[in-house]
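One structure is given here, and the rest of the page talks about it.
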2 protein chains.
Amino acid sequence: MSLKPLSRPLAVVDEIRCRRNIKNMVAKASKSNTVLRPHFKTHQSLEIGRWFKEYGVTGITVSTPEMARYFAEDGWDDITLAFPFYRGQIDDVKQLQESCNVRLFVSDTETVSFLETNLDKPIKILIEADAGYNRSGTSDLTEMDKIVSLANKSKNVHFHGFYSHDGDTYKVKGQNQIKEIIERNFTLYETLKEIYPDAKFCLGDTPSCCVMDDFRMVDEISPGNFIFFDWMQVNIGSCSINDVGLLIKVPIAQVKENLNQLIIHGGAVHLSKDCIKIGEVLSYGQPVYFDNGNIKAIPGSYVESLSQEHGVIRGTNEVLSHMNSDHSVWICPVHSCLTANLFGNYVKTDSTILEKKILS
Amino acid sequence: MSLKPLSRPLAVVDEIRCRRNIKNMVAKASKSNTVLRPHFKTHQSLEIGRWFKEYGVTGITVSTPEMARYFAEDGWDDITLAFPFYRGQIDDVKQLQESCNVRLFVSDTETVSFLETNLDKPIKILIEADAGYNRSGTSDLTEMDKIVSLANKSKNVHFHGFYSHDGDTYKVKGQNQIKEIIERNFTLYETLKEIYPDAKFCLGDTPSCCVMDDFRMVDEISPGNFIFFDWMQVNIGSCSINDVGLLIKVPIAQVKENLNQLIIHGGAVHLSKDCIKIGEVLSYGQPVYFDNGNIKAIPGSYVESLSQEHGVIRGTNEVLSHMNSDHSVWICPVHSCLTANLFGNYVKTDSTILEKKILS
């Protein structure tokens, strides 16, 4: 990168690492005879979307009709809307159906009836199964049965299968704890498989998809974060720091040596306020060394606080010795999905711009 | 607003309340013979900027050269960059000087020398005074003296005065605690006034500007948040809930009555992950009743968690009785600056679009 002092915070994408992350997940899915339908909310970039296509990905997952439209215009024609469908989205969904195949999440019969009445052409639905995460979806087998029966009698609503995103894997640490959470999903899925042998079974979260060796009965996976990973995923145990594909490069605004602090131009509007507790420390980002193809956490340093545009890094000496020639430091973000969402574009490691949108 | 079910989360600006907030702050400043130079990072909107102009505001505050350029192109010609100037910004600052008067923050002599060497025309500097907040700036009187001396001998760097943003007022509650923090700023400012009787004294934060009856020796104030206020400011004691000028209207995605939860389409990418502790509860937003010109907090309810697009509201019955006819609820955001930064535009209460940019 340029030796000229950095003029603003940059979201830097490492194409080599991102492609490696895609390739690994595609290979892993393929080994289990599982289809990868990656969640594109993480990167929100047409060009990064095209990288996935090169590795054979044909179906994708997004979170809003607007995001679906953005990718549909680039030729994606098989898109899952991974958020509970609600009535206000009906016009957008109908418009989407003009250009691509859409799948929706439902968790009650009222929604199925509403879709049946209001759609002009068929749509696939996934029942959002809640195995214990307690966010959206349902764990009620009777309601699921009613949904499937209603869909089977319906003209426009076709039952495709079940989807579970178990975000509790984001709250634990290490393979064993993640695997315990995966098991509760499999317990539910095995019950459902007996009742609905023809249904497709889909799983959503990055930690599960990273630590499972074999996706067993799962037909489709839709992790998103794994394209970039982040400091949270490193700490959960989904990846190593050297796998992270999105780093934030921030200008140093002030060195406060007496306080062992660096003031950076990198605040909540760049990194987001997501944080993780590591030991006694609350970290809003991890300063890293990034050179010669390697990423390493700088020991004894962390982003200790964020305000709107200011960040404060604790651990000056260690960080300063890894200061770049352009008066900047590299930060591994805590949560790359939220961080990426805050930037209007990416910069690649060769300093070229990589287009993206903010589609939230 | 429309009775059609809401199709996506909206950032709704109440022009009447915003204008009242502007008018009140202008009147308050005027009473103390103090100039209001509002921080425009909060709203990032040219049209809202023009509202300020109607009340006599001529100088503004922003956080980046990019944001300055956006407002300069709309005719603002007196702009303070309220972030420590760093070397990488020099080209942007020089370009800005072509269209407006710029003021910069400095806190060391090296920066003054750098500006003197690299600028082609004069610029005003403010020494960022740190009265105890311990973020950026300096509390070192010797360094301040060196800066002023250097500026006095300089061709391009003109010493204008001191600026203090004491963000500790965001961490306290009630007028008395805020006033204690204000006093430490006045203690420093009174010392400095004796040494530099001709300097201008500027103060930055919304809580201080709201609770002070008289700005005393302060020549300029630059609060930003007060145009919108938010749930944090209500809890700090800067305003009442009925003063809030930015509410988020979110679609209800799922009602989970057995758990007293509502799942809303309103997550970290809409509200930001800023939160406040109220008693034992961590709140990511406050559901409110908004009708007939009144805003009231819905008792017993709060946003208890956020993921990327999902929000979970606790307290279903109370909230559901205030559900709007378009299947939505109103949320008062915890931190309106971060929330506003996440939206590509605003909607006014009459459903018209209010242009803004995401300029972080």
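Every number here is computed from the coordinates shown, using simple stated rules; none is lab data. All values derive from a computational prediction rather than experimental measurement. Heads up, the Cβs are rebuilt from the backbone with ideal geometry, glycines too, and the neighbour counts pull from every protein chain shown.
Looking at the range A:130-269, the DSSP beta bridges with both ends there are about 40 percent antiparallel. Using the Cβ-Cβ distance between B:Arg20 and B:Lys348 with R0 = 25 Å, the FRET efficiency computed as 1/(1 + (r/R0)^6) comes to roughly 0.95.
Simple rule: put +1 on each Lys or Arg Cβ and -1 on each Asp or Glu Cβ in the range A:26-116, find the dipole, and look at A:Gly49, A:Ala72, A:Ser30; the Cα lying farthest toward the positive end is A:Ser30. Reported to the nearest whole Å, the Cα centre-to-centre distance from the range B:276-298 to the range B:93-152 is 41. Judged by the mean number of other Cβ atoms found within 10 Å, the most tightly packed of the peptides B:72-84, A:79-91 leads the ranking A:79-91, B:72-84. Phi-derived couplings, Karplus 6.51 cos²θ - 1.76 cosθ + 1.60 at θ = phi - 60°, listed residue by residue for the range A:260-266: 6, 10, 10, 9, 10, 7, x Hz, with x used for Gly and Pro. Going by the alpha-carbon gyration tensor, a ≥ b ≥ c the square roots of its eigenvalues, is the range B:240-355 rounded (a/c under 1.5) or, if a/c is not under 1.5, prolate (a/b greater than b/c) versus oblate? Rounded, since a/c falls under 1.5. In terms of its alpha-carbon gyration tensor, the range A:15-228 comes out oblate; a/c meets the 1.5 threshold, while b/c is at least as large as a/b.
Taking the charge dipole of chain B about its Cα centre, with +1 at Lys and Arg Cβ atoms and -1 at Asp and Glu Cβ atoms, the residue from B:Met217, B:Leu320, B:Val347 reaching farthest to the positive side is B:Leu320.
Axis angle, to the nearest 10 degrees, between helix A:175-195 and the longest C-alpha principal axis of chain A: 10 degrees. In terms of its alpha-carbon gyration tensor, chain B comes out prolate; a/c meets the 1.5 threshold, and the first ratio a/b outweighs b/c. How far is helix A:109-118 tilted off the main Cα axis of chain A, in degrees rounded to 10, range 0 to 90? It is inclined by approximately 80 degrees. If R0 is taken as 22 Å, the Cβ-Cβ distance between A:Asp140 and A:Lys357 corresponds to a FRET efficiency of 0.05. Our note on the geometry: Cα centres of the range A:196-273 and the range B:188-226, 42 Å apart. Between their Cα atoms, which of A:Lys41/A:Lys200; A:Lys41/B:Lys256; A:Lys171/B:Lys273 are more than 19 Å away from each other? Violating the 19 Å Cα-Cα cut-off are A:Lys41/A:Lys200; A:Lys41/B:Lys256. Per-residue Karplus couplings for the range A:231-242, computed as 6.51 cos²θ - 1.76 cosθ + 1.60 with θ equal to phi - 60°, are listed in order as 5, 5, 5, 4, 6, 5, x, 7, 7, 9, 4, 6 Hz, Gly and Pro entered as x. Taking every DSSP bridge with both residues inside the protein assembly as shown, close to 55 percent are antiparallel. The GluC sites (Glu not before Pro) of the range B:271-315 meeting both criteria, a DSSP state outside H, G, I, E and B (loop) and at most 11 other C-beta atoms within 10 angstrom of the site's C-beta, are B:Glu280.
For chain A, what proportion of DSSP beta bridges, expressed in % and rounded to the nearest 5, is antiparallel?
Taking every DSSP beta bridge with both residues in chain A, the antiparallel ones total about 55 percent.
Under 5 Å between amide hydrogens, built in the peptide plane, is the criterion, and for B:Ile123 it picks out B:Val157, B:His158 among residues at least 5 positions away or on other chains. The phi torsions of the range B:277-290, fed into the Karplus equation with coefficients 6.51, -1.76 and 1.60 and a -60° offset, translate into couplings of 8, 10, x, 8, 9, 9, 10, 9, x, 10, x, 10, 8, 9 Hz, rounded to whole numbers, with Gly and Pro shown as x. To test your reading of the geometry: what angle, between 0 and 90 degrees and rounded to tens, separates the Cα axis of helix B:15-31 from the longest principal axis of chain B? It is inclined by approximately 30 degrees. Look at the dipole of the protein assembly as shown built from charges on Cβ: of A:Leu247, B:Gly167, A:Val334, the Cα furthest out on the positive end belongs to A:Leu247.
What the Cβ-Cβ distance of B:Met323 and B:Asp120 gives, at R0 = 60 Å and to the nearest 0.05, is a FRET efficiency of 0.50. What you get for the range A:217-280, charging only the Cβ of Lys and Arg (+1) and of Asp and Glu (-1), is a dipole of about 380 debye around the Cα centre. The charge dipole of chain B, taken about its Cα centre with unit charges on the Cβ atoms of Lys, Arg (+1), Asp and Glu (-1) only, comes to about 600 debye.
Over chain B, dividing the summed -39,500 (n - 2.57) contributions of all DSSP H runs of at least 4 residues by the number of residues returns a 222 nm mean residue ellipticity of -9000 deg cm²/dmol.
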